[in-house]
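The values are calculated or read from the model by the stated rules, or taken from the named source; none is laboratory data. A quick note: this is a predicted structure, and the numbers were derived from the prediction, not measured. Note that we place each Cβ from the backbone using ideal geometry, even for glycine, and neighbour counts take in every protein chain shown. Ligands, DNA and RNA are excluded from the accessible area calculation, which covers all protein heavy atoms including side chains. Shrake-Rupley method; radii C 1.70, N 1.55, O 1.52, S 1.80 Å.
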Amino acid sequence: MDQMEVWLTRMRVLHSSVELTGKKNRENRKISGSPSNLNRFALSNVLKNHINDRINSGAMALSWKLIFTSLCMPVLEELMCGIVGYIGNKNATPIILTGLKKLEYRGYDSAGIAVITNGHIEVRRDAGKLSNLEQLVASLPIVGKVGIGHTRWATHGEPSTRNAHPHLSSSGKVVVVHNGIVENFIELKEELVKKGVEFKSDTDTETIVQLIEMYMEDGQNLESAVRSTLERLKGAHGVVVMSTLERDKIVAARIGNAGGVVIGLGDGETFIASDIPAILDYTRSLIFLESRQMAVVTREGAEITTIEGEKIKPQVSAVAWDPVSAEKGEYRHFMQKEIHEQVRALTDTLAGRVDFKEGSIRLPQLNLTMEKAKSINKIIITACGTASHAGMVGRVLIERIARIPTSVEIASEFRYSNPIVDKNTVVLAISQSGETADTLAAMEEARNHGATTWSIVNVIGSQAMRISDGYISMQTGPEIGVASTKAFTAPLVDLYMLAVLLADLRGIITLEERKALVDDLRLVPELVGECLDREKEIEEVAAFLKDARDMLYLGRGINMPIAYEGALKLKEISYIHAEAYPAGEMKHGPIALIDEEMPVLAISIKDPWYEKMISQIEQAKARGGIVIAVATVGDKRVESLVDRILWVPETPWMLSPVVTVIPLQMLAYHIASLRGLDVDQPRNLAKSVTVE
């Protein structure tokens, strides 16, 4: 057995031991986190330690690199981090900390800040949530007018103070924060170690700052050194750098889809962030960096160039979001606030797009003409997580109303599927942030195959919006809670409007049919409001279910995706194992799980699948199951069959998912709240998944 085979065998044994250890620890309730995340983290870090030893000893063979790159990199945790930077005449520290607080949903296993003060860089870092860093800064204050900060979600190196960003160079004269994964960090680290560089962390990011310093020691200025470094990095990156050698600037860059880089323009001050809410308190004039663009940021503004050095005249966007809407207000959690904001969000979604008098739909940013509509022979909806569930509803709507063959593809799979698309195919991407790496890659794959790309996004100026041929803005305002709510219901209405518009332009529906479909939209905000008014009833059901270990969600037809979404919400924030199935599949396996300890939630409203759902409820009850139903108000038949009920108002069936999901969102929220969990920042999750 050669050395490669030996280490492959060791890796398999190690993976098995990690699986076993993770299982035992979870049984003893000593380790929190999902099995997959725990095992990936343990496996990648143990192997990383072996590899670091080999690098530091100078014995890093090609076979080792191949093992780590091909087998460990795919199981590293996804990266979701937040970046804030400031240069101006004010104290940078409180500005950066405030901005990081608004980005904490992007990653929160460690946080740090670096400020240039008295000619040198002061760094404060700590593991855990941002509050730990705030306490550290309160006890050891730092003051300066130029600074950068970061909240981290670990990919390389355990969550700890030494691995927290920002990372200093060996001399302490250069400092960096970074979103992304340096895919070739092993080779770069080996090169730097051979040159005598001593690494202070286990992160891939440290290779960036050490390379920049190396190039500056060779005579390059900061801007040039950053360019030289970026040209050597593989992968997608958002990088922000400053140096005591050039204290009047910060350099920021974006390569690929590792999250956004936003430049905010103020009066004698300039801001940098990975997402808009971090700097909305200070400016609404924003520049969004595209992939392979770099900004040299000063107090007076920003000079934008390509990574290669070509100057670019940037477009300055005005963003109208109200920063107050990013605060909790009267609610205990952002998620609760955002659930209750859905009446307003849906009203805003309809505003300016629906002419109830004429019975027509306007989606001008979609750039959809009658000729284009008639040429479409297939639509592929691509998305991840919650957005993919919205896409499943959209498939039903588009096929039923517009009669266009439509499929839904998970973006992380679609990007590698060599899709069968052509110029008459539309690939429609759905993404709240517009920065989801897998979704952006799927769009690029579609474009490369000649398809038209559309997007439904919440964040104006996001990458998905900018690279698509047409888009629909959700118009929900910022969504801070990690578990998406209003950015799920808004796309449902967007997809309904899209289906009606396509049918109209293709001549599929009559004027009377179109007006009837449009008129139904008038009901949506009020119906959602009626669901929200029943929150007290839902709290009682939550109290009944809060100690459950498992739950089964069932739905059919257009509400089958809502069963998926309800189960996802429950496991995301309450950590209760929940699975969803098309109700018709019950007898093909899942029915074996049903007993007196397995709650079953059935979506059984008065729609075309009503009788089928009644049958599924009866089957579950016959096997001793506890049944909770989402049912139409006043339905005595369902009420007589089930143990608990979540009432929803009668709704046109094609718009019913907008209504049926509301009690499921509130149920998950109140169960998690009653269990004493962090609803807005559930473990192992983050809002924007910005690398693969």
Does GLU639 satisfy the condition of being free of Cβ contacts under 8 Å to residues at least 12 places away in the same chain and under 23 Å from LEU527 (Cβ atoms)?
yes
Restricting attention to segment 563-603, which residues are of a type in the set (Asp, Glu) and surrounded by 18 or more Cβ atoms within 10 Å (Cβ to Cβ)?
GLU565, GLU572
Of those in segment 173-214 that are farther than 21 Å from GLY85 by Cα and among the small types (Gly, Ala, Ser), the residue most open to solvent (accessible area, probe 1.4 Å) is GLY196
Scanning segment 272-306 residue by residue, the ones that are assigned to a loop (DSSP other than H, G, I, E, B) and modelled with pLDDT of 95 or more total 2
Tell me yes or no: at least one residue of segment 187-204 is in contact with a Leu (Cβ under 8 Å, 6 or more places away or on another chain) and outside any helix (DSSP H, G or I).
yes
Can you say whether ARG125 is in a strand (DSSP E or B), of a type outside the set (A, V, I, L, M, F, W, C) and without any contact (Cβ under 8 Å) to a residue 60 or more places away in the chain, as far as the supplied structure shows?
yes
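Yes/no per residue for (1) free of Cβ contacts under 8 Å to residues at least 40 places away in the same chain; (2) open to solvent by 20 Å² or more (accessible area, probe 1.4 Å); (3) out of contact with any helix residue (DSSP H, G or I) (no Cβ under 7 Å at 6 or more places or on another chain); (4) within 24 Å of TYR564 (Cα to Cα):
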| residue | (1), (2), (3), (4) |
| --- | --- |
| MET392 | no, yes, no, yes |
| ARG395 | yes, yes, yes, yes |
| THR406 | yes, no, no, yes |
| ASP422 | yes, yes, yes, no |
Taking the residues in segment 436-452 that are crowded, with 24+ Cβ neighbours inside 10 Å and either of a type in the set (Ser, Thr, Tyr) or touching a Gly at 6+ places or on another chain (Cβ under 9 Å) (or both) as candidates, determine which candidate is farthest from THR349 (Cα to Cα).
ALA437
From the options ILE617, ILE671, ILE605, residue that is touching a Ser or Thr at 6+ places or on another chain (Cβ under 7 Å) and within 30 Å of GLY128 (Cβ to Cβ)
ILE671
Would you pick out the residues in segment 394-435 that are assigned to a loop (DSSP other than H, G, I, E, B), charged (D, E, K, R) and at pLDDT 90 or above?
ARG403, ASP422, LYS423
Selection from segment 250-271 of residues that are touching a Ser or Thr at 6+ places or on another chain (Cβ under 6 Å) and either acidic (Asp, Glu) or in a loop (DSSP other than H, G, I, E, B) (or both):
GLY256, ALA258, GLY259, GLY260, GLY266
Selection from segment 408-420 of residues that are aromatic (Phe, Trp, Tyr) and surrounded by fewer than 20 Cβ atoms within 10 Å (Cβ to Cβ):
TYR416
Subset of segment 353-383 (residues that are open to solvent by 40 Å² or more (accessible area, probe 1.4 Å) and under 27 Å from THR660 (Cβ atoms))
PHE356
Only residues that are assigned to a loop (DSSP other than H, G, I, E, B) and closer than 19 Å to HIS165 by Cβ: list them for segment 219-249, please.
LEU233, GLY235, ALA236, THR244
So how many residues does segment 649-669 have that are touching a strand residue (DSSP E or B) at 6+ places or on another chain (Cβ under 6 Å) and open to solvent by less than 10 Å² (accessible area, probe 1.4 Å)?
3
With (1) open to solvent by 10 Å² or more (accessible area, probe 1.4 Å); (2) on the phi < 0 side of the Ramachandran plot as the list, and GLY235 as the residue in question, which single condition is left unmet?
(2)
Residue list for segment 264-287, filter: within 21 Å of GLY477 (Cα to Cα) and either under 21 Å from the mean Cα position of the chain (by Cα) or without any contact (Cβ under 8 Å) to a residue 24 or more places away in the chain (or both)
GLY264, ILE272, ALA273, SER274, ASP275, ILE276, PRO277, ALA278, ILE279, LEU280, THR283
Restricting to segment 629-648, name every residue that is open to solvent by 10 Å² or more (accessible area, probe 1.4 Å) and in a helix (DSSP H, G or I).
LYS636, ARG637, GLU639, SER640, LEU641
